[in-house]
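Working notes, beginning with the structure itself.
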Amino acid sequence: MATAIATAAMLGFGMLAGGVSAAKPGEKTVEILSQPINLRYGEVNNHFQPNQDLPEEIREAFRNKTMAIVDFEVDIVDAQGNQVPLYEMYNHHYAALLGTEEYANAIYQLFKDAPFGIPSPSNLTELVIPENLRKNATGGDGSSTSFRASDVNNRKLLMMEMMQNIGGFRSIQQDNNRGGFGGGAGAEMRHINNRAPPGYAYFVDNPEQWTPLFHFINQKVPEGVDASDNALFECPCTPQRVIDVENGTIDGTKSFANPFGTCNEAFEESNPSCELSTYVGGWRCCEDGVFVLDTDKYDVDALPTDEVYGVFRITYLDGVDARDTDLKPLESLGGDITGSVYTKGNVEFDVPLCEEGTAPEDCIYEMETVHYISGGINATDDTLWEIPYLVGHLHKGGIDLSMYNMTTGDLICRSTPIYGNGTEAGNEDGYLVGMNPCYFEGDDLIVAPANEKVRSVVRYNSTEPHTGVMALWFPRGAEVSA
């Protein structure tokens, strides 16, 4: 059985629509608070916090046992416990890793000095099949391969994929179940149904500690400060970023955890986010401690500091060892619109402004790709999966993300966003504040090998340009025993 890691967009507080549902009989909900996060206007937080103890009631109840998590959510609060809106503190993405003390500490030690939260890979071996090997890798149609699977395995040191395939750190994991939540999702945290489908749960063996990462961007404009900078949440590359195209670095670091050169052909030919020489904004210019505003225009040392906390809330089966149940452990697969059967993808892309004179209703930027349903690039990986849940991850401007069956052309899932129209947290005007998932059960349950091809299509509103947007799939599945 593969390591069970759950990855998904998180929710907001239970009082909000789409949040963690009321605990059912036999369930218990606990809230875990991060260490304080202090940021000035325009400043970025993007690192793992030191490992911290989980609540004692969890440590005691599941000592040498397996916890079954059935629901979870995340939120941002201030020191008084008030929810903080996205236009003040933007959640670009988050990660919450749960496990033994040894595991949590090892993860923190591995990632603590990485400017993007996780280290950069040394090459593209695990991300892209070289062009001269693609025919052998897929037999022309992706149905067979003579290319070594170990060279194109399903692991990559990228935030989303790390959560999905943390089996890459076997020396840390030792093949036990660890809880990994988040990884790519962020702003949709308060309005998304994350409850495990009936018959499934997220397994965590011997939960003792956790180590969280909250990629927050402070957008709260201080009194008396000119807020001429906008769209800070899209991580513009400011004049202070030192971009070295020849060495492939930003601020002396290999660009993000995912190097350039991983776009599929359609994006590579048309999208500036695929190459450092044309890169103008996105996750790679949003490393820990930088400002996403032009600091030549601001006395940043004089700006006030805002203190917030990340909140992680989980609902689990109380007094039940998951191993003594018939529940199936959920794992996370993936999918990236900028990827294909040959490449894991670039994770992000830009949305160009539509041509002048185009009617607003026709300003739609549409892209598609064919990829394996697992999100991997191993054509021989025929591991069979049950997939009872699919949800997309989009940024502001996103219209929908759709997945189609390659054989029949039938729609499998269309995941659509929820936009706010007010001022309160969870309903921020103009912000993407939620995502609608697809659930499958009975005769509709998806049962497919990891190397089954699907077609994905994303649509974005292009009446305004956007940088660093995403179109990711977060499928949750259970491996079918042979």
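Every read-out reported here was derived from the displayed coordinates using simple, explicitly stated rules and does not represent laboratory data. Not measured: the values here are computed from a predicted model. Because the Cβ atoms are built from the backbone with ideal geometry, glycine has one as well, and the counts that use them run over all protein chains shown.
What residues have an amide H closer than 5 Å to that of residue 328, excluding those fewer than 5 places away on the same chain, when H is modeled at 1.01 Å from N in the peptide plane?
Here the answer is 200, 201, since their amide H atoms fall under 5 Å of that of residue 328.
So if R0 is 60 Å, what FRET efficiency would residue 362 and residue 307 give, r being the distance between their Cβ atoms, rounded to the nearest 0.05?
So, using R0 = 60 Å, E works out to roughly 0.85.
In whole Hz and in residue order, list the ³J(HN,Hα) couplings for the range 274-288 that follow from phi through the Karplus curve 6.51 cos²θ - 1.76 cosθ + 1.60, θ = phi - 60°; x for Gly and Pro.
Computed from phi, the couplings for the range 274-288 are 7, 10, 4, 5, 10, 6, 10, x, x, 4, 6, 9, 10, 6, 4 Hz.
Which value, in nm² and rounded to one decimal, describes the direction-averaged projected area of the C-alpha convex hull of the range 299-431?
Working: hull surface 62.6 nm².
Spelled out: convex hull of the Cα atoms, projected over all directions, averaged, 15.7 nm².
Hey, can you grab everything whose amide H is under 5 Å from the amide H of residue 345? Only 5+ residues off in sequence or another chain; H modelled, so Pro and N-termini drop out.
Distant-sequence amide H within range of residue 345: 340.
Would you please give the residues with an amide H less than 5 Å from that of residue 434, counting only those at least 5 places away or on a separate chain, with H modeled from the backbone geometry?
Here the answer is 418, since their amide H atoms fall under 5 Å of that of residue 434.
What number in nm² do you get for the range 261-300 if you take the convex hull of its Cα atoms and divide its surface by four?
With the hull built on Cα positions only, its mean projection is 3.7 nm².
With respect to the cross-link table entries 254/344; 112/297; 24/396, which display a Cα-Cα separation exceeding 24 Å?
112/297; 24/396
In a Debye calculation with equal point scatterers on the alpha-carbon sites of the range 179-241 and no solvent, what is log10 I(q)/I(0) at q = 0.14, 0.22, 0.29 Å⁻¹?
Values returned for q = 0.14, 0.22, 0.29 Å⁻¹ are -0.70, -1.15, -1.38.
Mind checking the alpha-carbon convex hull of the range 263-354 and giving the volume per residue in Å³?
Expressed per residue, the convex hull around the Cα atoms of the range 263-354 is 225 Å³.
Between the range 40-60 and the range 192-206, how many Å separate their Cα centres?
Taking the Cα centre of each part, the range 40-60 and the range 192-206 sit 21 Å apart.
If you average the C-alpha positions of the range 401-448 and of the range 281-326 separately, how far apart do those two centres end up, in angstrom?
After rounding, the separation between the Cα centres reads 24 Å.
Arranged by the count of other C-beta atoms within 10 angstrom, fewest first, what order do 472, 54 take?
Values: 472 26, 54 23.
Exposure proxy ranking, most exposed first: 54, 472.
Would you please put 345-353, 97-105 in order of how densely packed they are, using the mean number of other Cβ atoms within 10 angstrom per residue and starting with the highest?
Highest to lowest by the protection proxy: 345-353, 97-105.
Applying 1/(1 + (r/R0)^6) with R0 = 30 Å to the Cβ-Cβ distance of residue 299 and residue 249, what FRET efficiency is obtained, to the nearest 0.05?
It comes to 0.60.
Along the range 461-477, what does the Karplus equation 6.51 cos²θ - 1.76 cosθ + 1.60 (θ = phi - 60°) give for ³J(HN,Hα), rounded to whole Hz, x for Gly and Pro?
Once rounded to whole Hz, the list reads 6, 10, 5, 10, x, 9, 10, x, 7, 9, 8, 10, 9, 10, x, 10, x.
Distances longer than 28 Å among the Cα atoms of the range 183-328: what percent of all pairs is that?
Of all Cα-Cα distances in the range 183-328, 43 percent exceed 28 Å.
Given the range 377-482, what whole percent of its Cα pairs are spread farther than 22 Å?
40
Aspartates and glutamates within cross-link reach of residue 220: Cα-Cα under 13 Å, excluding same-chain residues under 8 positions apart?
Counting by Cα, and skipping residues close in sequence, residue 220 has these aspartates and glutamates nearby: 43, 78, 88, 229, 306, 307.
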